[in-house]
Every structure is written in structure tokens, then in C-alpha cells.
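Single-structure report; data block below.
Computed from the coordinates by the stated procedures, all read-outs in this text should not be read as laboratory data. Not measured: the values here are computed from a predicted model. FYI the Cβ positions are ideal-geometry reconstructions off the backbone, even for glycines, and counts take in every protein chain you see.
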Amino acid sequence: MVKTKRQQRSHANRTLTFFALGVILLSVLAALGKTWAPGLGLDLRGGTRITLVAEQQNPTPSQLSEAASIIDNRVNGSGVAEAAVSTQGNRNIVVEVPGSNARDLVDAVKRTAQLRFRLVAQCQGQPCVAPGTKPTASASASPSASPSASASSGASASPSAKASAKPKKKAKPTKQSASASPSASPAETKGAAVTDPLKWQDNPGSAWIKKFDDYTCPAKGSPITAAQDDPKTPIVTCDSDGQKQLLSAAVIEGSQLKTASFGLPDNGATWAVNLSFKSSATKTFGDVTTKLAGTGKLFAIVLDGAVLSSPRVIQPILDGRPQITGNFTQKSAESLATSLKYGALPLRFSPSVENIGPQLAGNQLNAGIWAGIIGLLLVMIYCLLYYRGLGLVVIGSLIVAGVVTYAAVLVLSKAAGFTLTLPGIAGLIVAVGITADSFIVYFERIRDEMREGKSMRVAVETGWVRARNTCLAADAVSLLAAVVLYFFAIGVVKGFAFALGLSTVIDLVVFFFFTKPIMTILARHSFFNGQHRLSGLSEETLGLDAVHAGVGTLQGGRA
């Protein structure tokens, strides 16, 4: 069915109206972000560079590559943050995080996420049990634990029943707690085997108690590191309140963790981290919590050698789904869950952090902006010289595409954390050429149709049918290349691919919903359909005057 001229004009007007409404809506969304500047990457605004040096002297390339991949997932796992992660030499991993307020990302990078579950044997110089619980027969002092968080599952009691109280005064270690009593039996002096954490918890032996007494917690605010962190042996370490604890060998390791998430518990007002163990650890955790339930004895959740929390077990946790609660904020819960979700690093690193100034970044930004402006002007000047009046359509379409692209970048910066890098700007500049190609294909098809004797109104419609498929095929190739590059590239190359893909999609939208309707409307005006010499569609421009002159000369010869 062939549309009449009135139907064509009506369809073009409706298309332009809907397109204008879409642009206005996108602009409103961008304005809701309360900023008209896009988020910039490290190379354009400076940021933080973290250099991680492996403590192991000769790590294998596979270990270094695995660690870099885990860190990349951590820092870029929740959006297009454009944090660059790369290996350097045979021991270093370099992480560059854009912006000056990226403390949560920096913490996620530095955390090695060695999560282990251990049993608490001593805290503050005496056996540890929850407040209000009588110590076991092997305990020799009153309880003094001060757990900072609690672990629970669907089978546990309500949060109000969990241990969270702190003692009013810290008990000073006595000589009796520092070493074995003279009347102690040889078995008590030696202690239980470290390979049996449940028995060792009740009888750690005088040697480990002395190590505990000799250990001093670092000052508050300083990083907490255990004297040793071998999962097969006990450790002496501290919690965030500066209270030291003597812990058994690990009963469960982080490698046995299946997944981690964060959220607000049912009927809870504080954030929590939810864990899910693999099947083998589920049984182990169930056995341990069954024996600890109701005894008041504590177990510790240890992250990178520091005690994260020391909860007591209210009921056996048999489903392998404990929950860590405590003084979490949304950011701290999310940061911990992200680190645990993407796994523990295969190596231990010593980090160093430095700030990257914005001076060089500012120069790069200016150079990128000038390159884009010059490239855009050259395209516009060429189109004006070659297509004349039609060149105004090209300029208008490029301006509209620029406005839509900028608004889309603003929305993505706010909603998805997208940051614009220098390669990203390069992707936007390359897209200018892709957009210009679409106009050239369409305009040349219109001119071909008019050379065959069709009017401009007819040529605009028939030329569109033929040019449309060509432009779709060309943009599909560009979009496919951008998608493949995005999924298989790393670092800032992803920014180039993302910007190229975004610009290609916007080119199609502008070409279909702005350029084509504009051409349908312009075909009604005499300046274009009358083939004015400045319209770009005159006989001279189309090359028809030379053909006519040749025909006249031939006829004159016959006469």
C-alpha cells in the first residue's frame, strides 16, 4: 500500500513529535542527577593508584592473573566504574581507581578476603563464654567476651537473644592465666591436640596461653594482623574493639563459601551479610554449632587475620546459611559481601596507595575535547561544501545526536556509574564518522533516484527504502564489533567499546526518527524540490546539465 503525500507528512510530523518528547524526557532524567558534568575516568580527572606487591617471592603467572581477575571483578562488578587493573612485572598488580572519593573501592582492593571460622578459647586472659552463661568445667574464670556481631540462620533465635553485651571493665590477665598452674596435670599443661578444635577450645594448654598473654593488640585505628594466620594452627589476634582473642585452628575456610550477599533481615533494622556454604562445609558447620549451641561458648568469624565478630550459637545451624550481623552500614555490608562473593585472593599482598593529580588528566581532557570539536567541524564543513543545503540536515542531525549522547552519558553516569575516559571520548569521535556515513548513503541514493527522472518527493521515499537496509547493515557491524570488544577487552578499552556502541545506537535512532522525517518535510518546500542551485539537488549538482548539453550538441550535428 502506497502512502499519499498527506499521509507521509502526517507520519513525519508524528515521528518528530514523539522523538522530541523522548529527547525532553532524557534531558529531564539527566537534570534529576543535579549535575551537567559526566563522571570522568582516572585519565581525565585523576584518582587513586594502588600497587599490590605479592609477599611471595616467586608467584606463578597463573596466581597473579587470577588475583588480578578477582580484583577487577570486585572494583568493576557493580557498574562501568572504569577502574583499571593490570599486572606489572612478576609480583605486582596495579589498580587505578578514578576519583578522590573511592574509599570503598580502595578497601575492596586491599582486602585479601581470607575468611575463616575459628573457635574462641581465650579472651582478655580467661576462657571465653557469652555473658550470662556459666563456663565449662575446664574454664577457670568468669565470662568476659564482648562479641561485636552475631551469626544466625533461619533456625536461630531472635536477634534480641544474641550475645552483644560488653563488660564494663577489661579483666587484666593474671599470672595464673599467663602460664600453667604448678599443680596442673601434664595433659592440661600440654593441652588438647590442635587438630580437634572443640577439645582444644576447652584446653588450649599453657604454651598457647603464654603466647596469648605476650601478644599486644595494635592501637585503635591501626590495621589488625594476626601473629600468624595458618588455617591448620591456632592464632592470637584482636577484634575491632582492641580485645585480643586466642582462636583455634580453622573449622571452615573461605574457599568453602558458596556465595555471599547483603541486605536487611526480616524485622531487622541493621544491615547484615548472608552466607551460604558448600555441601561439605554445611555438615561441618552443623556439627560444630550443634555442640556449641546453648553452652555459651563463642566462635569467631575471622577476616584477613582480624576478628570480625564473635557470636554465640543459640541453636544449631544445619542449613549452612549463617548470617553476620553487627554494626554494619549499607556500604560496609556491601563491601564485605562483594569481597567474599568474588573469592579470596590466591596470594597475600602488601598494598601502597598514592593519589594521582588531575594536572596531566586535565591536559588530556582538553586535547580530547579539541580533537572532537575539530573533527566535528571538518565533517560539517565538508557536508556544507559538497551537499550545500542538504548539509544543513547533516549539521542539524549531528547536533541532535550530540545532545542525545551527552544526556545519555549523564544518565548512565548517575544510574550505572559510567565514567568517561579518553578512550571513551575516542569512541564518541569515531562515531561521528559512522553517523556521517549514514547521511552520505541516504543522500546519494536520493540523488541517484532524481537522476533517473524522479521528483524529490518520490526520491526521498524510494531512496529511503534502499538506503535504510544499507545503513542498518553497516551499523549492525559496528555495534557487533563494539559488543565483542566490550566483553573480551579489559580496563579502559571497555570504555571505548561502550562509547562506540552507545553512539552507534543513537545514530540509528536519530537517522530513523529525525533525519528521515526532516527530509520528508523538506521535500515539500520549493527550495529543495525546485532544485535551487544551493539546495544540493540542482541539475548542476546532480550532473544533469552536462548530459543535457551533450544531447543538444548531438542534435545540432544531425541538423
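Brief remarks on what is shown
- Residues 421, 259 in ascending order of nearby Cβ atoms (within 10 Å, fewest first): 259, 421.
- A protection proxy built from the mean count of other Cβ atoms within 10 Å ranks the segments 213-220, 530-537, most packed first, as 530-537, 213-220.
- Cα-based convex hull, region 200-352, per residue volume (Å³, whole number): 136
- Taking 0.36 nm per residue of separation and subtracting the Cα-Cα distance, full extension of the segment from residue 488 to residue 457 would add 6.6 nm.
- Rounded to the nearest angstrom and listed largest first, the equivalent-ellipsoid semi-axes of region 447-510 from its Cα gyration tensor are 36, 9, 7.
- Between residue 10 and residue 521, residue separation times 0.36 nm minus the direct Cα-Cα distance comes to 183.0 nm.
- Cα gyration tensor of region 250-291 - equivalent ellipsoid semi-axes, whole Å, descending: 23, 13, 8
- Sorted on the mean count of surrounding Cβ atoms within 10 Å across their residues, most packed first, peptides 378-385, 501-508, 404-411, 244-251 read 244-251, 501-508, 404-411, 378-385.
- Entries of 34/494; 278/341; 283/341; 244/341; 190/244; 244/278 with Cα pairs more than 19 Å apart: 34/494; 283/341; 244/341; 190/244; 244/278
- Extended-chain gain in nm, criterion 0.36 nm per residue less alpha-carbon gap, residue 27 and residue 193: 52.9 nm
- Neighbour counting of Cβ atoms within 10 Å sorts the residues 235, 440, 399, fewest neighbours leading, into 399, 440, 235.
- For a straight C-alpha distance cut-off of 14 angstrom, the aspartates and glutamates reachable from residue 232 (same-chain residues fewer than eight places away being disregarded) are 196, 253.
- Spin-label model, residue 56/residue 532: points 7 Å from Cα along the beta carbon direction are separated by 7.5 nm.
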